[in-house]
Every structure is written in structure tokens, then in C-alpha cells.
Amino acid sequence: MNIVDELHAIASALGDAGIPYAVCGGIAVTAHGATRSTKDIDILIPREHLPRALAVVAPLGYSIPAGPMTFGAGTPGERHVQRVSKLSGPHHLILDLLLAEAAYAGTLDDRIDVDLPGGRITFVSRDTLLRMKRLAGRAIDLADIEKLEGGDA
């Protein structure tokens, strides 16, 4: 599986279904100019579009959902994620659908469209990506912040 091809297929399916979305996570770090490899696809969507989003990515092979995940429950940093996976032979790819609510409220208001050779994809803005990385606060997120704020970007 090629993660770039998968990203284009997912973005196209969401766009064709009229689902507002924005790519975030490691792929967005790369789109904003910092070197970053990743093994999953992270996309923000509104909660009300979650059932439809799961339905439109299922024909692409993303048909193995995990239980809903909540991080930072009950805190100002509360975040909600629905993970769905794709298996193709020995290959496994994770799609994390981050819900644009709680700590991520308003994140879809600040998006940018990027024209790539495979088509147009919508990403979170650099400022929104930095805010999301600060909320997550893992070592990889702190490294991404450093790269985005000067080291590598």
C-alpha cells in the first residue's frame, strides 16, 4: 500500500461525499515543509459526519473499526478519535478520524487546499497543526513542533 495513493483516495471519497475534512498529523507536518515519516493517516472531520465518513471509506478497504477513543477526558485537552484500519495481504494501514470538537473545536475553520500531482487535498493550517501538536504533547509531537518552528521547516 502506498500511503500517498491511500491519502488521495480517502480525500477524494470524503470530498465527493461532501464531508468537510482536513488532513492533520504527520502527513500535514510534511505538507507544511518539515521532514516527517508516518505510518498512518490522520483526518479531522465533524462528529455529525462520522457515520457517513466511515461508510465512504469502507469501499476503500477501511472496514475494521476500533472502539471510539477519548484522550484527556474531562480536561480542556479532551480529544475524540475513531480509528479504522485497512488490511491488504500483509499490509496494515490505520486511518484515524479525529473529531473537530472539544479541544479540536474550530480546527476545521482554518484549512488550506493544496494542489498536488494526484489532486487537491485539504490540510489544517500550520497554526492549527501546531496547536494540535501542543495538545497531544507526545515526544513525536514536540519534535514536530521544533521542526515546524524552525529546525527543519
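Per-structure values
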{"quantity": "Residue match in segment 7-19 (condition: touching a residue at least 60 places away in the same chain (Cβ under 8 Å) and of a type in the set (D, E, K, R))", "calculated": "no"}
{"quantity": "Residue match in segment 127-142 (condition: in contact with a strand residue (DSSP E or B) (Cβ under 8 Å, 6 or more places away or on another chain) and not hydrophobic (A, V, I, L, M, F, W, C))", "calculated": "yes"}
{"quantity": "Residue check for Thr30: free of Cβ contacts under 8 Å to residues at least 24 places away in the same chain, hydroxyl-bearing (Ser, Thr, Tyr) and either surrounded by 14 or more Cβ atoms within 10 Å (Cβ to Cβ) or not in a loop (DSSP other than H, G, I, E, B) (or both)", "calculated": "yes"}
{"quantity": "Search result, residues across segment 94-126 that are touching a strand residue (DSSP E or B) at 6+ places or on another chain (Cβ under 9 Å), surrounded by fewer than 19 Cβ atoms within 10 Å (Cβ to Cβ) and over 17 Å from Asp141 (Cα atoms)", "calculated": "Ile94, Glu101, Ala102, Leu108, Asp110, Arg111, Ile112, Asp113, Val114, Asp115, Arg120, Thr122"}
{"quantity": "Hits in segment 33-48 (condition: touching a residue at least 40 places away in the same chain (Cβ under 8 Å) and farther than 17 Å from Ile112 by Cβ)", "calculated": "Thr35, Arg36, Lys39, Asp40, Ile41, Pro46, Arg47"}
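Quick note: the coordinates plus some simple rules give every number you see, no bench work behind them. These numbers were taken from a predicted model, which means no experiment stands behind them. Heads up, the Cβs are rebuilt from the backbone with ideal geometry, glycines too, and the neighbour counts pull from every protein chain shown.
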